Each structure stands twice: as C-alpha cells, then as structure tokens.
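The values are calculated or read from the model by the stated rules, or taken from the named source; none is laboratory data. Since this is a predicted model, take the numbers as computed values, not measurements. Reconstructed Cβ throughout: ideal geometry from the backbone, glycine too, with neighbour counts over all protein chains shown. Just so you know, the surface numbers come from the protein's heavy atoms only, side chains and all, with ligands and any DNA or RNA stripped out. Shrake-Rupley method; radii C 1.70, N 1.55, O 1.52, S 1.80 Å.
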Amino acid sequence: MAQPHLDDEEQKVVPLAAVTFTQQEWDEMGKHGVAWIPRNKRGVAFGMMLEPLDAADRTYMLRHVPAPVRLLYPVLIGRPWKKYAATLRFGT
C-alpha cells in the first residue's frame with residue numbers, strides 16, 4: 001500500500017533533518033514525542049510503528065531498543081498491539 005505522505009517525509013524531511021539537527025536534538029525530539037504517549041499505551045504505539053515495516057526494517061528497529069524491552073517484546077508490545085489491532089479490524 002502506497003503511503004505518499006511517508007514517502008515525502010523520508011525523501012524530503014529526513015535528509016534535511018539529518019544535516020540540520022544534532023544527535024542530541026534528534027534524541028530530545030524522540031523523548032519529547034514519547035513523553036506524550038501514556039505509559040500503558042506505549043506498547044501499542046510501538047506496535048503501530050512496527051507493523052507496516054518489512055522484516056528487515058522491523059529487525060533493525062528491534063535491534064536498537066533496550067535489551068529488556070527486546071526480551072519482553074511479546075508481553076510489552078506484541079500482545080497489546082495484537083489485541084488492539086484485532087479490536088480495530090474486527091471489533092473484538
């Protein structure tokens with residue numbers, strides 16, 4: 001499924017951000033964004049980000065999360081996301 005707004009973001013915004021923001025600023029943006037997600041919904045939010053990725057990109061993302069999160073992925077992310085996704089898709 002084509003997602004033109006994401007294509008534009010990756011082709012235009014990310015390269016500009018890469019030469020504009022310092023790593024510290026980039027990290028702070030990420031922390032700021034995560035801070036707005038309620039703690040009990042972060043697994044679902046991460047599941048939403050992972051779902052549309054292909055296997056290589058999903059593996060890359062999971063390789064860069066803290067080890068405890070990676071180990072507890074099925075409980076912290078996988079299970080909550082699957083339950084939420086089923087509710088969205090099938091109303092159950």
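A 1.4 Å probe, protein heavy atoms only, puts the accessible area of Phe90 near 150 Å². Here the Gaussian network model covers the chain, with springs between Cα atoms less than 10 Å apart; of Ala67, Ala35, Ala56, Ala56 fluctuates the most.
Heavy-atom accessible area for Glu9, with the other protein chains in place and a 1.4 Å probe, reaches approximately 90 Å². Measuring from a point 7 Å past the Cα of Asp54 along Cα-to-C-beta, which residues in the stretch 3-39 have an amide N at less than 19 Å? Within reach of a label on Asp54, which here means backbone N under 19 Å from a point 7 Å along Cα→Cβ, the stretch 3-39 contributes 3-12. Note on Asp7 and Val75: the model spin-label points, each 7 Å out from Cα along the C-beta direction, lie 4.2 nm apart. Taking Arg89, Arg58 and ordering them by how much accessible surface each has at a 1.4 Å probe, largest first, produces Arg89, Arg58. The stretch 60-92 and the stretch 3-45 have Cα centres lying 19 Å from one another. Expressed in Å, the radius of gyration and Dmax of the Cα atoms of the chain are 15.0, 45.
Run the numbers on the chain and let me know its relative contact order in percent, using alpha-carbon pairs under 8 Å that are six or more apart. Once divided by the residue count of the chain, the mean separation gives 28 percent. Here r is the Cβ-Cβ distance between Ala67 and Thr20 and R0 is 41 Å; the resulting FRET efficiency, rounded to 0.05, is 0.85.
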